[in-house]
Amino acid sequence: MPIYEYKCKKCGHIFEAFQSMGSDGSKLRCPKCNEAGPEKIFSAFASTGHDATFGAGGGSSCGSGGFT
Ligand SMILES: [Zn+2]
């Protein structure tokens, strides 16, 4: 299960939380000030996530899917 880091928009407190894929963490609350809707931080995945960008942007729009 992936662990994401979140930053509180109100007090700036950074904390970790378990989140399933696709969840934006809007239901989370800051453990310090109880503010809802913390900002998600990609700490570990940001530096190595460029592979997905190369794989997805390979000009697939014109090569596949001839139907209009
Ligand atoms: Zn807070």
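The values are calculated or read from the model by the stated rules, or taken from the named source; none is laboratory data. As the structure is a prediction and not an experimental result, all values here were calculated from the model. For neighbour counting, all protein chains shown are included, and Cβ atoms are generated from backbone atoms with ideal geometry for every residue, glycine included.
Filtering region 1-17 to residues that are surrounded by 14 or more Cβ atoms within 10 Å (Cβ to Cβ), over 10 Å from Gly37 (Cα atoms) and within 14 Å of the ligand (Cβ to nearest atom) leaves Glu5, His13, Ile14, Phe15, Ala17.
For region 16-35, a residue qualifies if it is of a type outside the set (D, E, K, R) and at pLDDT below 95, and the qualifying residues are Ala17, Phe18, Gln19, Ser20, Met21, Gly22, Ser23, Gly25, Ser26, Leu28.
Cβ-Cβ distances below 6 Å connect the following pairs, each with a first residue in region 15-42 that is among the polar types (S, T, N, Q), a second residue that is not in a loop (DSSP other than H, G, I, E, B), and a separation of six or more residues or different chains: Gln19/Tyr4.
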